[in-house]
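Accompanying notes for the structure given below.
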Amino acid sequence: MNALQSIFEQSTDAVFGIDVAGKVRFANSDFEKLLGHTREQVRGSRCATLLCGTDMHGKAFCGEHCPIPRTVEGHPPVGDFDLVVKRADGDSVLVNIGACYTPRKLLEETGQVSVFFSLRRVSPQRLLQRMASVPAKGAVTAGIHGRGRLTSREKEILGLAAKGMNTAQIASRLCVSAQTIRSHFKNIYPKIGVHSRAEAAVFAFQHGLH
């Protein structure tokens with residue numbers, strides 16, 4: 001076990017790490033306690049298949065098009081988010097998840113783990129706070145589709161980003177320049193309150209734009 005993984009082994013959060021293909025390469029003992037899978041069972045499994053995460057409304061979040069493993073260029077920060085995930089015994093648990101990208105120069109030292117995820121169970125008190133802070137569905141829809149919010153092209157770009165496409169691929173799909181796509185993202189970020197491509201992709205998942 002390398003030094004970085006040793007640090008995560010001491011964490012009080014459940015932590016696991018995946019490579020760029022989304023396959024699990026590391027899991028700590030608290031991960032075993034939280035989800036009921038042993039490290040030997042999950043090693044080599046796809047993250048999406050393992051967690052089967054959904055939002056609190058039951059909408060699927062995890063899947064083969066998850067952008068997080070692929071969004072490694074520049075190591076953008078990812079805001080934490082809540083998911084309902086499956087335990088080994090079939091029960092569901094609501095967790096708050098944070099992600100930490102590994103710098104490229106450390107990939108060899110981490111056993112090719114490109115992203116580490118930390119999971120912590122959401123307490124009843126925190127759940128109530130979350131529910132109180134979530135706007136009504138109509139308000140969310142108005143925020144996305146209303147005047148001064150996302151244009152149809154911006155929503156299209158977010159949807160492609162949520163499918164894991166990079167700037168060049170999105171530009172090719174939409175027959176525009178890469179600079180045009182970068183300009184769109186600069187306009188999108190302040191509109192939806194995020195600071196990185198990965199956070200924008202998470203937003204797209206949460207609001208059904210993928």
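The values are calculated or read from the model by the stated rules, or taken from the named source; none is laboratory data. Computed from a predicted model, the values in this text were never measured in an experiment. We place every Cβ from the backbone using ideal geometry, glycine too, and count neighbours over all the protein chains shown. Heavy atoms of the whole protein, side chains included, go into the accessibility calculation; ligands, DNA and RNA do not. Shrake-Rupley method; radii C 1.70, N 1.55, O 1.52, S 1.80 Å.
Residue count for segment 83-94 satisfying the condition of being in contact with a helix residue (DSSP H, G or I) (Cβ under 8 Å, 6 or more places away or on another chain) and either open to solvent by 10 Å² or more (accessible area, probe 1.4 Å) or over 24 Å from Arg197 (Cα atoms) (or both): 5. Is it true that Ile97 is assigned to a loop (DSSP other than H, G, I, E, B), open to solvent by less than 20 Å² (accessible area, probe 1.4 Å) and either modelled with pLDDT of 75 or more or not acidic (Asp, Glu) (or both)? The answer is no for Ile97.
Hey, any hits in segment 108-129 for a residue that's modelled with pLDDT of 90 or more, open to solvent by 30 Å² or more (accessible area, probe 1.4 Å) and among the hydroxyl-bearing types (Ser, Thr, Tyr)? Scanning segment 108-129 turns up no residue that is modelled with pLDDT of 90 or more, open to solvent by 30 Å² or more (accessible area, probe 1.4 Å) and among the hydroxyl-bearing types (Ser, Thr, Tyr).
Would a scan of segment 61-77 turn up a residue that is open to solvent by less than 50 Å² (accessible area, probe 1.4 Å), modelled with pLDDT of 80 or more and more than 24 Å from Ala204 (Cα to Cα)? Within segment 61-77 (the criterion being open to solvent by less than 50 Å² (accessible area, probe 1.4 Å), modelled with pLDDT of 80 or more and more than 24 Å from Ala204 (Cα to Cα)), the answer is no, since none of the residues qualifies.
Taken over segment 10-59, the criterion of being in contact with a helix residue (DSSP H, G or I) (Cβ under 9 Å, 6 or more places away or on another chain) and aliphatic (A, V, I, L, M) is satisfied by Ala14, Val15, Ile18, Val24, Ala27, Leu35, Val42, Leu50, Leu51, Met56.
Among the residues of segment 177-193, some residue qualifies, meaning at least one is in a loop (DSSP other than H, G, I, E, B) and modelled with pLDDT of 85 or more.
When segment 13-50 is limited to residues that are part of a loop (DSSP other than H, G, I, E, B) and free of Cβ contacts under 8 Å to residues at least 24 places away in the same chain, the one that is most open to solvent (accessible area, probe 1.4 Å) turns out to be Arg43.
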